[in-house]
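Presented below is the structure to which this report refers.
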Amino acid sequence: MMALRELSSLEKALGLKKPNKYSTQGDKKVPVLHSSNGPALVGLVTISTHLVREAKLPKLLGGSAEHKALVQQWMEYRLTKVDGCHKEDIKTILKDLNSYLEDKVYLAGNQFTLADTLMYYGIHHIIVGLAVQEKEKHMNVTRWFDHIQHYPSVRHHLPPVVVLRNRVYTSGYH
Amino acid sequence: MGFGDLKTPGGLKVLNDFLADKSYIEGWVPSQADVAVFDAISSAPSTDLCHALRWYNHIKSFQNKKGSLPGVKKPLGQYGPAGVEDKTAAAGDSKDDDDDMDLFGSDEEEDAEAEKLKEERIAAYAAKKSKKPTLIAKSSILLDVKPWDDETDMAKLEECVRSISMDGLLWGQSKLVPVGYGIKKLQIGCVVEDDKVGTDQLEEQITAFEDYVQSMDVAAFNKI
């Protein structure tokens, strides 16, 4: 059901006035979009991409070809690595994201894209469960997460996560 | 606030620490705050200052939109962690990186900036001073007004005393204090402005009510 909530949040974030009709299929609860004209669309990334196009905000999918590919890459990461991950995998995910985000403000390029939105939705439950020291250990993920959750209109169905500004460890402890 | 001297490795390190958990200098979108700090940095931070470098590269990508970023450029001392002073020399200064900014009169531009700040502060202080009325010297006086005898109408006496109005005189609380033989004296307090009202004036006016007032004394006199 999380996927459906995400999609409805995304619709709001994109400014889509008419909510679409969704359902889920299979035991993994893969979301399905029922459109009035055309075949049903299956899959979170597929539907999200479609919604972005519907909202006529193609920039959210990336600019150049490489940029677009990067956006796709992170959305795929979300689906394959983050969704349904086991507890042991969480550490790996955080490490991956932390080292990747060391020199980046957004997941793909220098602007906010759908990749950031979906990743934010995807790891929200992970970040919520992190202790303060862990948040500091993965400073870059925390920084990126705090940034995205403050991005106008992104956070609809998810409660804000408090990111402490007074850090326990001073810099140098990476 | 401020980052120390952004032209030195020390200042850049402060910036780096500051940006570890922030994407931008101020708020959640690129703004003139980022432009201000970006312009103060002479070149890209080294790779060991990964957060500063990340921020630098990101802001660099907005170069052609610099002017249209929101906000107003403020002096560098307005940004950054609290408790750190801004010691960066104004841009366009070809100074040595290690220069100790604590030396006096080292940089003309810096002095000019400091001068301006000082002047601004003096002007603000003067304006504040002139707006606020100069402290008026006030005193709180407690008067003992004694009637002729115990049959004197104390209420009327008090009324008479209170009827005395002068510029700078404010009557306060009063009470009747017995002095013996059934006689009560009126103890009344007042606040006077020293320049305008003196105790002798008060005495004159009070004792003018000869029908009720036998004499008046100053029981207490305190400067406020």
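The values are calculated or read from the model by the stated rules, or taken from the named source; none is laboratory data. On a predicted model such as this, the values are computed, not experimentally measured, just so you know. Cβ: placed from backbone, ideal geometry, glycine included. Neighbour counts: every protein chain shown. The area values use the complete protein model at the heavy-atom level, side chains included, leaving out ligands, DNA and RNA. Shrake-Rupley method; radii C 1.70, N 1.55, O 1.52, S 1.80 Å.
Could you grab me the full set of residues in region A:149-168 that are under 17 Å from the mean Cα position of the chain (by Cα) and either part of a loop (DSSP other than H, G, I, E, B) or modelled with pLDDT of 90 or more (or both)?
Taking region A:149-168 first, the residues under 17 Å from the mean Cα position of the chain (by Cα) are A:149-161.
Matches in region A:149-168: A:Tyr151, A:Pro152, A:Ser153, A:Val154, A:Arg155, A:His156, A:His157, A:Leu158, A:Pro159, A:Pro160, A:Val161.
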**Q.** region B:14-26, residues that are open to solvent by 30 Å² or more (accessible area, probe 1.4 Å) and either facing chain A (nearest Cβ under 8 Å) or of a type in the set (A, V, I, L, M) (or both)
**A.** B:Val14, B:Asp17, B:Lys22
Q) Pick from region A:120-135 the residues that are touching a helix residue (DSSP H, G or I) at 6+ places or on another chain (Cβ under 9 Å) and open to solvent by 20 Å² or more (accessible area, probe 1.4 Å): which of them is nearest to the other protein chains (Cβ to nearest Cβ)? A) A:Lys135
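Tell me, please, whether a residue that is within 20 Å of B:Leu135 (Cβ to Cβ) and surrounded by 12 or more Cβ atoms within 10 Å (Cβ to Cβ) can be found in region B:209-218.
No, region B:209-218 contains no residue that is within 20 Å of B:Leu135 (Cβ to Cβ) and surrounded by 12 or more Cβ atoms within 10 Å (Cβ to Cβ).
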Q | Residue in region A:25-40 that is open to solvent by 60 Å² or more (accessible area, probe 1.4 Å) and closer than 14 Å to A:Ala115 by Cα present | A | no
Q. Within region B:50-69, is even one residue away from chain A (no Cβ under 12 Å), open to solvent by 30 Å² or more (accessible area, probe 1.4 Å) and closer than 13 Å to B:Leu15 by Cα?
A. no
Q: Search region A:86-119 for residues being surrounded by fewer than 20 Cβ atoms within 10 Å (Cβ to Cβ) and part of a loop (DSSP other than H, G, I, E, B), and hand back the single one that is nearest to the other protein chains (Cβ to nearest Cβ).
A: A:Asn110
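Which of the residues that make up region B:33-49 are in a loop (DSSP other than H, G, I, E, B) and surrounded by 19 or more Cβ atoms within 10 Å (Cβ to Cβ)?
Taking region B:33-49 as the starting set, the residues that turn out to be in a loop (DSSP other than H, G, I, E, B) are B:41-49.
Those that are in a loop (DSSP other than H, G, I, E, B) and surrounded by 19 or more Cβ atoms within 10 Å (Cβ to Cβ): B:Ile41, B:Pro45, B:Leu49.
Condition check: assigned to a loop (DSSP other than H, G, I, E, B) and open to solvent by less than 10 Å² (accessible area, probe 1.4 Å). Does B:Pro30 satisfy that?
no
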Q. Can you tell me how many residues in region B:9-25 are part of a loop (DSSP other than H, G, I, E, B) and closer than 16 Å to B:Tyr56 by Cβ?
A. 5
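I'm checking my understanding of the structure. Among residues of region A:140-158 that are touching a helix residue (DSSP H, G or I) at 6+ places or on another chain (Cβ under 8 Å) and open to solvent by 20 Å² or more (accessible area, probe 1.4 Å), which one is nearest to the other protein chains (Cβ to nearest Cβ)? Quick ask: steps written out before the conclusion?
First, pick out the residues of region A:140-158 that are touching a helix residue (DSSP H, G or I) at 6+ places or on another chain (Cβ under 8 Å): A:140-145, A:148-149, A:151, A:153-158.
Remaining after also requiring open to solvent by 20 Å² or more (accessible area, probe 1.4 Å): A:151, A:153, A:155-157.
On the way: A:Tyr151: 6, A:Ser153: 12, A:Arg155: 12, A:His156: 17, A:His157: 20 Å.
Looking at residues that are touching a helix residue (DSSP H, G or I) at 6+ places or on another chain (Cβ under 8 Å) and open to solvent by 20 Å² or more (accessible area, probe 1.4 Å), I get A:Tyr151.
Here are B:Gly4, B:Gly67: which of them is modelled with pLDDT under 85 and on the phi > 0 side of the Ramachandran plot? Spell out how you get there, then give the answer.
Numbers: B:Gly67 fails: on the phi > 0 side of the Ramachandran plot.
When all the criteria are applied, what remains is B:Gly4.
Of the residues that make up region A:56-72, is at least one open to solvent by less than 20 Å² (accessible area, probe 1.4 Å) and either part of a helix (DSSP H, G or I) or under 24 Å from B:Thr47 (Cβ atoms) (or both)? Steps first, please.
So the first thing to find is which residues in region A:56-72 are open to solvent by less than 20 Å² (accessible area, probe 1.4 Å), and the list is A:61-62, A:71.
Now narrow it down to the ones that are either part of a helix (DSSP H, G or I) or under 24 Å from B:Thr47 (Cβ atoms) (or both): A:61, A:71.
Yes - at least one qualifying residue is present in region A:56-72.
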